[in-house]
Amino acid sequence: MTGPAEPSTDAATIYDAFAQKYRSYSETKSDYLSAVDRLVCEQLNGRAGVVLDYGAGDGVRGANLCEQIAPDAFYQADVSNEMIARCRSLGLAKQVFQVQDPDWSKDLPPLDTVMCLWNVLGHLPDTQSRRALLSELHALLRPGGTLIIDVNNRHYVGYGAFKTVWRRIIDAVKPDYARGDIRFNWAIDGVDFPASGHFFTPAEMRDLLQTAGLTIIKAVAVHYATGDVSENLTRGQLFFAATKSS
Ligand SMILES: C[S@@+](CC[C@H](N)C(=O)[O-])C[C@H]1O[C@@H](n2cnc3c(N)ncnc32)[C@H](O)[C@@H]1O
């Protein structure tokens, strides 16, 4: 007999524990992360303006991107105090926010760009909170501003052709975003953290972004191993650029 599922550990606790290993883990994914970074630069094309890196992790990726996108001002935010401390130690962001603080964003000027990179949205526990975050980010953008976001793909063909076809059929015929929720054990330094995450379908992301008031201007997939970019949205991580209407 199985009892009720163990509650999953919150993202702040897990990333506090993982922070020290984060850089070396990140480096194992460099082909795909660099491909996403190239898409970010291409999209912003020298017009990044005032930028918020939301869910910035240890801040290193945002700092490297900064060198290329040359923002007018750069801010970072995260939920993990350990990650925030690492962002602050880089000394690059004008301010680094703890998103759990009430009114954390009150000092931000209207933003030209929000980057929300590497499945930050998939760390939120349910559709309602994901919608709430996208609405919050939408509100922080100035009219005409751009959200750049990438998320894990439930329809990635690399999970097996049969499985992907089946998922695409069931998700089209009987959509239920909760199917993308996963539970797993995250072992960090010998400690087991019951964790959860979310994989998105392309249609779900279209719905979430559009409902938040954003217009999608780019949607591609980035292959998890090679970084190849494809318009076929079964080919890797889902990358979107979306704008707030002016
Ligand atoms: C996979 S890491 C990505 C970090 C960074 N964007 C990058 O690409 O290197 C996910 C980050 O999202 C942060 N995070 C999770 N839930 C969050 C939330 N609700 N608000 C802000 N940050 C969150 C985690 O603490 C972690 O630093």
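Brief remarks follow.
- Only protein heavy atoms count here; under a 1.4 Å probe, residue 32 has an accessible surface of about 10 Å².
- The stretch 3-117, accessible area per residue, ligands and nucleic acids excluded (1.4 Å, Å²): 48
- Rg ratio (alpha-carbon, reference 2.2 N^0.38 Å) - the stretch 141-246: 1.20
- A DSSP coil position with no more than 10 other Cβ atoms inside 10 Å describes the following trypsin sites (Lys or Arg not before Pro) in the stretch 78-132: 106.
- Theoretical FRET efficiency, 1/(1+(r/R0)^6), r = Cβ-Cβ of residue 107 and residue 215, R0 35 Å, to 0.05: 0.80
- In Hz, Karplus ³J(HN,Hα) per residue of the stretch 152-159 (6.51, -1.76, 1.60; θ = phi - 60°; x = Gly, Pro): 5, 10, 5, 9, 5, 5, x, 7
- Anisotropy class of the stretch 78-137 from Cα gyration tensor, a/c 1.5 cut: prolate
- From the C-alpha gyration tensor of the stretch 42-183, square roots of 5λ in Å: 30, 17, 15
- 5 Å-binned pair-distance histogram of the stretch 191-233 (Cα, whole percent): 5, 16, 19, 20, 16, 12, 8, 4, 1
- At 0.890 mPa s and 25 °C, Stokes diffusion of the chain via Kirkwood alpha-carbon radius, µm² per second: 132
- Subtracting the Cα-Cα distance of residue 191 and residue 26 from 0.36 nm times their residue separation leaves 57.4 nm of extension gain.
- DSSP H segments from the chain that extend 15 Å or more along their own axis, Cα-based, with Kyte-Doolittle mean of 1.6 or above: none
- Each residue of the stretch 45-50 was assigned a 3J(HN,Hα) from its phi angle through the Karplus curve 6.51 cos²θ - 1.76 cosθ + 1.60 (θ = phi - 60°); the sequence is 6, x, 10, 6, x, 8 Hz, with glycine and proline shown as x.
- Beta bridge orientation in the chain: antiparallel %, DSSP, nearest 5: 55
The values are calculated or read from the model by the stated rules, or taken from the named source; none is laboratory data. Bear in mind that the values here come from a model prediction, so they are computed numbers and not experimental data. Glycine gets a Cβ as well: all are built from the backbone with ideal geometry, and neighbour counts include every protein chain shown. Please note that ligands, DNA and RNA were not included when accessible areas were found on the heavy atoms of the full protein model with its side chains. Shrake-Rupley method; radii C 1.70, N 1.55, O 1.52, S 1.80 Å.
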